[in-house]
Amino acid sequence: MSRSTLYYTPRLPSSREVAIKHRIDVLFTEFPFYGARRLRHFLEQDGFEIGRNTVRAYMREMGLEAIYPKPNLSKPAPEHRIYPYLLRGVSSAYVKHIWGIDITYIRLQKGWLYLVAILDWHSRYVVSWEIDQTLEIPFVLACVDRALSGAAPAFFNSDQGSHFTSPQYLQRLLARNIDISMDGRGRALDNIFTERFWRSVKYEEVYLKDYATPKEARQSLTRYLDFYNQTRPHQSLGYKTPAQVYFEKA
């Protein structure tokens with residue numbers, strides 16, 4: 001082991017990197033079909049001198065990918081199986097019919113977190129969620145385990161990200177005989193309910209707050225997600241709350 005490895009201490013991200021990633025998050029939430037080229041254009045308009053490759057690297061670190069068709073798609077690792085999208089032309093007909101899972105970026109004053117959530121598509125109820133400071137897989141698996149401890153849907157939908165093609169994730173669903181569905185690469189509408197949910201989280205909670213610490217973010221998100229499930233009415237649900245629909249029809 002080299003001496004530099006032994007004495008290495010993680011560095012906090014620079015204030016410039018934090019500011020750029022926060023701005024990318026706002027732009028991508030508003031325009032999820034923008035790739036690195038267009039995001040770089042808007043960042044330069046905001047006064048950030050940054051290369052396209054750096055924007056692309058930041059998007060990769062943030063778990064963001066523009067939702068437009070792309071040629072020459074990269075091949076997944078051989079052990080990571082990709083499942084087809086099973087929900088084309090299928091409407092969520094009842095509670096626990098279709099669940100969707102996704103990850104989003106949550107900004108802090110001097111850093112960021114990642115939020116994973118599982119959404120029941122019929123009721124819009126947040127079945128389970130978890131946050132972490134890294135994109136390592138344990139927090140995703142903890143979220144899935146918590147959701148499956150109480151129920152199991154007929155379909156479980158995700159994107160083709162490495163978390164959701166990992167054997168640890170897939171084995172949990174296969175053990176419950178759940179049909180696994182994955183968004184087509186670059187398809188904007190395959191996971192539209194979760195995308196709408198992220199917009200609500202960002203504009204109604206995250207962008208109105210200025211979290212200083214992960215603890216503060218967790219506490220505030222806990223209050224908001226409880227409000228979202230229990231109090232916030234949805235027009236598409238006849239102005240009922242997600243919890244009312246989820247538990248009435250369960």
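The values are calculated or read from the model by the stated rules, or taken from the named source; none is laboratory data. No experiment lies behind these values; they were computed from the predicted model shown. When we count neighbours, we look across all protein chains shown, and the Cβ atoms used for this are built from the backbone with ideal geometry, even at glycine.
Could you grab me the full set of residues in the stretch 28-37 that are part of a helix (DSSP H, G or I) and surrounded by fewer than 15 Cβ atoms within 10 Å (Cβ to Cβ)? Please lay out each step first, then the result.
Keep residues of the stretch 28-37 that are part of a helix (DSSP H, G or I), which gives 28-30, 36-37.
Selection gives Glu30, Arg37.
Could you please tell me which pairs satisfy a Cβ distance under 6 Å, a separation of 6+ or placement on different chains, a first residue in the stretch 95-113 that is within 12 Å of Leu135 (Cα to Cα), and a second residue that is part of a loop (DSSP other than H, G, I, E, B)?
Correct list of pairs: Ile103/Gly63; Leu113/Gln133.
From the list Arg232, Arg223, which residue is modelled with pLDDT of 95 or more, closer than 30 Å to Thr134 by Cβ and part of a helix (DSSP H, G or I)? Before you say what the answer is, go through the steps one by one.
Numbers: Arg232 fails: part of a helix (DSSP H, G or I).
So the residue among Arg232, Arg223 that is modelled with pLDDT of 95 or more, closer than 30 Å to Thr134 by Cβ and part of a helix (DSSP H, G or I) is Arg223.
Would you mind listing the strands (runs of 3 or more DSSP E) fully within the stretch 101-186 where at least 2 residues are modelled with pLDDT of 95 or more and among the β-branched types (Val, Ile, Thr)?
Working: elements: 111-120, 126-132, 155-158, 179-182.
Per the criteria, 111-120, 126-132.
What are the pairs, 6+ residues apart or on separate chains, where a residue within the stretch 167-179 that is farther than 14 Å from Trp99 by Cα has its Cβ under 8 Å from a residue that is among the charged types (D, E, K, R) and loosely packed, with under 12 Cβ neighbours inside 10 Å?
The qualifying pairs are Pro167/Glu79.
Only one of Ser158, Ser220, Ser181 is within 30 Å of Lys110 (Cβ to Cβ) and polar (S, T, N, Q); which? Spell out the reasoning first.
Details: Ser158 fails: within 30 Å of Lys110 (Cβ to Cβ); Ser181 fails: within 30 Å of Lys110 (Cβ to Cβ).
Matching residue, one of Ser158, Ser220, Ser181: Ser220.
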